[in-house]
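*Asks:* One structure follows; several queries about it will come next.
Derivation of every value follows stated rules applied to the coordinates shown; laboratory data play no part. Given the structure is predicted, the values throughout are model-derived calculations rather than measurements. So basically every Cβ, Gly included, is an ideal-geometry build from the backbone, and we count neighbours across all protein chains shown.
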Amino acid sequence: MITATHLGKIFYDGEKAVKAIDDISFAVPSGKLFTLLGPSGCGKTTTLRCIAGLETPSSGEIKIGEQVVFDGKRGAAVPPNKRNIGMVFQSYAIWPHMTVFQNVYYHLKSKGFSRSEAKERARHALETVGLIDLEDRPAPKLSGGQQQRVALARALAGAPEVLLLDEPLSNLDAKLREEMRSEIRSL
Amino acid sequence: MGLSSKLAKVLPLIGVVAVCFHSAARGDESLIAGAKKEGQLVWYTTTTQTDNKPILDGFVKKYPFIKAQSMRAGAPELVEKFLFERRAGKYIADVIRVLDFDVERFKRESLVARYQSPSADKFNPSMKDPQGYWTTDDYTIKVMGYNTKLVSERDAPKSWFDLLDPKWQGRAMFEILDYRLYAGWEQRLGVEQATKLAEGLARQKVVLRRGASQIAELLAAGEAPMAQAYVHHLEVLKAKGAPVEWIRTFDPLVALRGAVTISANAPHPNAARLFVDYYLSKEAQQIVRTWGKVPAHPEIEPFHKALQSKDLKIQFLDPKLTGQNYAQYAAMAKKVFYR
Amino acid sequence: MIRFAIGRNLVLSVLLGIVVYLTLIPLIMILYGTFRDGPPGTAASFTLANYARAYGDLTILQLGLNTMVFAVGAALVSFGFGSFLAWLTERTDTPLKGTIYGLALFPFVIPGILTTIAWVLLLSPKIGLINRFFVEELGFAGAPINLYSMGGMIWVFGIDNITLPFFLMAAAFRSMDPSLEEAGRASGMSALSTFWHVNFKLMIPTIFAVLLLLVVRGIETFEVPAVIGLPAEIKVYASEIFLALRMYQPPDYNLAGAYSTFYLVVASVGVALYLKATSASERYATITGKGYRPRIQNLGPWRYFTLSLALLILFIGVILPFLVVALTSVVPIYQRPSWELVSALTLDNYRVVLGLDQFYQSLVNNVIVGIVSATAAALLAAAVSWVVVRTKLRGRKLLDIIAFTPMAFPGIVIGLALLWMYLTLPIPVYGTLWILVIAYVTKYTPITLRSCHAALLQLHPELEEASVISGSSWFRTFVRVVLPLIMPSLTAGWFYVLALTFKALSLPVLLSHLGTEMLPVVIYGFYESGRFSELSALGVLLVAGLSVIALATRMFASQFSVQER
């Protein structure tokens, strides 16, 4: 469950102030898929990043579940690594110096899982996206679609409360797009 | 006269001598006792590591209770380090070996102590500071060298003024900013003659190089037929078979004296004195001799035969004068050796 | 912007604090000194005379012009050759890469005095071996090459400095995303056009950084202008500093400092321009997550041509002077190579060097100080670069500029400031190895700073964000994601600083003390006492030793590059 209230974000380009987000509010009930649509540059990515904690809003409030992760009035924010979130970036951001498995497994220990549990979860996530056969392949040696699935597996493995996907379908061909759509729906 | 009267004349002499030896021994004893308590010696020197190792070894052999160490640096850096340390109130060095005019700078700031070592009793007065603050260990001479394959002995110039002959234009190498050379000219020939020589040489477009040892090597390799170099560099090259020779008849042959002195407020003053005594003794001077310059001890002949000659017109720089007139010397040197 | 917990800010503050302490205090001391008329520790009064003397004379313009022509010319030579060789080894299938790599290291590890004299012995109009060859064997009328000229100075200094650009450009090439090139070719651009518009433009941060470093070194150096420029009466800025220190007694450090402010201005302007040019940092992110397979360019039969070209360059520029040095090391005195010389061959020079206690002591000191300094410099640089590239902290650009300033001052000026500083501050490092570490870290962090900065620019920020989102702390992200990906550039910088500690002279000469001598001090001792042959033997031994370290470093760094093998 995500609640955003009177969210605002202003960027400063030199002296000029640019309002990337101007007083938006929305609520996403749990278990639902919520899509932000709009022309490019209208602030979709910025909103996503605010929820993730990668950007600090200029005003407003964000709650994930019952926890207030950003409170504009008190200026308090929960750091991004402490919000229970999974995110798939537009650039996928797969770590090129690690294998497929390492990419998914890497952060699970920081989340508090034991080594064996972490390995289990990583494997399960890779199975879900259908990449379990490629787990030892170095990340750069994957096709675009495969990399995106690794990013998805990585985001899912930690069982996050919220899954954020930034333009997840933009780089795929029609067939893959269909597959991804059904996969996302099935999550 | 009878035996008894002869004896009467000799006995007091023996007595005096006995007393002298006794007090010398007592002086020596108290030094050694003091040094035993100090147990250390720190020597700052411009002599190379390979050179000063046998000196330190010899000293430690004689006084095994002293831990002796040396710090080696080039003269400019050594002087600055010592000065900086002293100004900051840090007393580390006991004995310092630099050049005589460096010690003059130290004298002016009262950083060194008087010590006239008994080892230097027989030294020529020109090897000692009249005020007793430094003693020379060895000296070298700045000479005009030539490449024997490019210049015959007959054609080589015989005096400084011969260098002003047009045939030598652009064919002689000199060190940049060689103010000591100019200082030697002025102190020997007087201001007028020295200026004439300097201005004449400036017109001769001498080839400027940096690094005295480089100059000697390049002369040996034939880069130029003539070069102003240190005699001990040339002699070493000659001994290895290089086609170099130097001209004996120049007047003046400017000589640079090394100088050893003790720091005022030295942390280990007794050890320092013992060291200076050792360094100037015949035993150590034998080692100094192998370095190729002219040892200060009158009973030790220089290593290279050519330096044993008594006919060389050697001009030692007056350290006081050199310090006082530094600015003028440097200005003239800039005209000839920097342009 | 990423906002984080206190842990990160604490670590960064400490590291930044160290950088400020190391750089700002000597800087202020030096600048303070330029307004005084006496050395530190003596009663001196305020004066503007130093600046009047330094800049009041019109001859300064000619000096400045000579200096810039020399520095920029040499920088272009170094950069040209270094980049070409880097491209060959990283992006093509030219054979014998290990050999090229090893040879490109040589000029750097040999003491500068030796290579300069080696060039005199090769290109002097009178005795230079190459000139003699042309005249005697090929029948030329006169010696075709005159070393004693601006061109000669540029050549000698330029070819002696190909190692830095080689390393840094190689690291940059290794981190280039080839899909960007492929996109260029696919959209119809020719190979050349692709190279220009894609590769070149993306590498601008690294290129700029390398050129800046090279030019600053060129302005500062005195050895080459002294040995090669002086006989031709070409004077550069560094000559005036030398004069200031030799013409006056006591040496006029304050005047030298006043002259150095010229360097300071050049370096600061350089860095400011660099930072401005690279402020649109997103443009240069060539390592994204999208994949990153640095592709080897198949040259086909052309690869033998490139190999020959590389070997030719290396032979003329690197092997020849090294052979001269090696020759000098095995004969009692230098002579023209001939058959008679074979009977005079001797290993005595090596025996002398290897029998010298100080050689081993200084070698051990150098290795310890070198490794500690290089590592500290790399760490500090990583911290500062990260703050500059990834945060929006106010004043971070000023921080970068200040951290770069020690590079601009001649070693002797900084050395003296540090000497006085630690003689008077109650920090007991004077006379120990620590003061040397401080000196090297101060003077050489600018190098690792530039290489780190350029490397960080190539890293897409989302790679770090993805780690953070997954729950990792900033520290873990830095260690597990950032460091491995900037490792090639970081290692290059690390090794360069290490090698510099074996090469730099003015700092250790001033700051070494009992038992803390560094190798260059021993080297210079040989040089000053005219023991040129022993010096050459030492040079050869150094090359052998440092080459081993370099190859080890390369093997270490290559584990971090994600290259298609």
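*Asks:* Could you work out the pair-distance distribution P(r) of region B:60-182 from its alpha-carbon pairs, with 5 angstrom bin width and percents rounded to whole numbers?
*Replies:* Per 5 Å bin, starting at 0, the Cα pair percentages come out as 2, 7, 14, 15, 14, 13, 10, 9, 8, 6, 3, 1, 0.
*Asks:* Using a 10 Å cut-off around each Cβ, can you sort B:Ile215, C:Ile145, C:Ile333 from fewest to most neighbouring Cβ atoms?
*Replies:* Working: B:Ile215 25, C:Ile145 16, C:Ile333 20.
Ascending Cβ contact count within 10 Å gives the list C:Ile145, C:Ile333, B:Ile215.
*Asks:* If you don't mind, there's one more thing I want to ask. Suppose we take every Cα in region C:6-558 and form the convex hull; what volume per residue is that in Å³?
*Replies:* Each residue corresponds to 171 Å³ of Cα convex hull volume.
*Asks:* Which pairs in the list B:Lys128/B:Lys310; A:Lys44/C:Lys392; B:Lys67/B:Lys320; B:Lys107/B:Lys128 are over 24 Å apart, alpha-carbon to alpha-carbon?
*Replies:* B:Lys67/B:Lys320
*Asks:* Something else about it: Find the relative contact order for chain C and round it to a whole percent, using C-alpha pairs within less than 8 Å whose residues are 6+ positions apart.
*Replies:* Across chain C, relative contact order equals 23 percent.
*Asks:* Right, something else. Given points 7 Å out from each Cα along the Cα-Cβ axis, report the B:Ser110 to B:Lys320 separation in nanometres with one decimal.
*Replies:* In this crude spin-label approximation the distance works out to 1.9 nm.
*Asks:* Starting from the eigenvalues of the Cα gyration tensor, five times each then square-rooted, give me the equivalent ellipsoid semi-axes of region A:2-80, largest first, whole Å.
*Replies:* On the way: eigenvalues 83, 54, 19 Å².
Listed largest to smallest, the semi-axes of region A:2-80 are 20, 16, 10 Å.
*Asks:* Sticking with this one: For region A:38-103, what does the alpha-carbon gyration tensor say about shape, rounded, prolate or oblate, given a ≥ b ≥ c as the root eigenvalues, a/c under 1.5 as rounded, and a/b over b/c as prolate?
*Replies:* oblate
*Asks:* What's the average, rounded to a whole number, of partner chain beta-carbon atoms within 10 Å of each residue's beta-carbon in C:114-120?
*Replies:* Other-chain Cβ atoms within 10 Å of each residue's Cβ, averaged: 2.
*Asks:* Show the residues, 5+ positions off or on another chain, whose built amide H is closer than 5 Å to the amide H of B:Val112.
*Replies:* Amide H neighbours of B:Val112: B:Ala264.
*Asks:* Next question. According to a simple spin-label model (label point 7 Å from Cα along Cα-to-Cβ), what is the distance in nm between A:Ser30 and C:Leu309?
*Replies:* Simple spin-label model gives 6.5 nm for this pair.
*Asks:* Please report A:His97, B:His233 as a ranked list, fewest other C-beta atoms within 10 angstrom at the top and most at the bottom.
*Replies:* So the ranking, lowest neighbour count to highest, is A:His97, B:His233.
*Asks:* Moving on. Could you tell me the calculated FRET efficiency between C:Asp37 and C:Val269, based on Cβ-Cβ distance and R0 = 25 angstrom, to the nearest 0.05?
*Replies:* Approximately 0.30, to the nearest 0.05.
*Asks:* What list of ³J(HN,Hα) values in whole Hz, one per residue of region B:137-152 in order, does the Karplus curve 6.51 cos²θ - 1.76 cosθ + 1.60 (θ = phi - 60°) give from phi, with Gly and Pro shown as x?
*Replies:* 9, 7, 9, 10, 10, 8, 10, 9, x, 9, 8, 5, 7, 9, 9, 8
*Asks:* Follow-up. For a distance above 19 Å, tell me the whole-number percent of Cα pairs in region C:81-139 that qualify.
*Replies:* Here the long-distance tail beyond 19 Å is 53 percent of all Cα pairs in region C:81-139.
*Asks:* Same structure, new question: Across the protein assembly as shown, how large is the tail of the calculated P(r) beyond 51 Å, expressed as a percent of all Cα pairs?
*Replies:* Working: 206098 of 594595 pairs.
Every Cα pair in the protein assembly as shown considered, those over 51 Å come to 35 percent.
*Asks:* Using alpha carbon centroids, what distance separates region C:53-82 and region A:52-87, in Å?
*Replies:* With region C:53-82 and region A:52-87 each reduced to a Cα centre, they are spaced 55 Å.
*Asks:* Where the centre of each part is set by its Cα atoms, how far does region B:91-164 sit from region B:213-289, in angstrom?
*Replies:* Measuring centre to centre over Cα atoms gives 9 Å.
*Asks:* Separate question: State whether region A:48-156 is rounded, prolate or oblate according to the following rule on the C-alpha gyration tensor (a ≥ b ≥ c being the square roots of its eigenvalues): a/c under 1.5 gives rounded; otherwise a/b larger than b/c gives prolate, and the remaining case gives oblate.
*Replies:* prolate
*Asks:* Need one value for B:202-209: mean number of C-beta atoms belonging to other chains within 10 Å of its residues' C-beta atoms.
*Replies:* Per-residue shielding by partner chains comes out at 2.
*Asks:* Could you give the semi-axes, largest first, of the ellipsoid that matches region C:464-519, computed as the square roots of 5 times the alpha carbon gyration tensor eigenvalues and rounded to whole Å?
*Replies:* Values: eigenvalues 305, 31, 9 Å².
Computed over region C:464-519, the values are 39, 13, 7 Å.
*Asks:* Skipping prolines and chain starts, which residues have an amide H placed within reach, meaning under 5 Å, of the one on A:Met87, given they are 5 or more residues away or on another chain?
*Replies:* A:Leu164
*Asks:* Related question: Above 18 angstrom, tally the Cα pairs of region C:469-565 and express them as a % of all pairs, no decimals.
*Replies:* Numbers: 2929 of 4656 pairs.
Beyond 18 Å sits 63 percent of the P(r) for region C:469-565.
*Asks:* Follow-up question, since we're still on this one. Calculate the radius of gyration of the Cα atoms of chain A to one decimal place, then report Dmax, the largest Cα-Cα distance, as a whole number, both in Å.
*Replies:* 17.4, 53
*Asks:* A further question follows. Can you pick out the pairs among B:Lys167/B:Lys313; B:Lys37/B:Lys282; A:Lys82/A:Lys111; A:Lys9/A:Lys63; B:Lys62/B:Lys282 whose Cα atoms lie more than 18 Å from each other?
*Replies:* Violating the 18 Å Cα-Cα cut-off are B:Lys167/B:Lys313; B:Lys37/B:Lys282.
*Asks:* What relative contact order, as a whole-number percentage, does chain B give when Cα pairs under 8 Å and 6 or more residues apart are counted?
*Replies:* So the answer I get is 27 percent.
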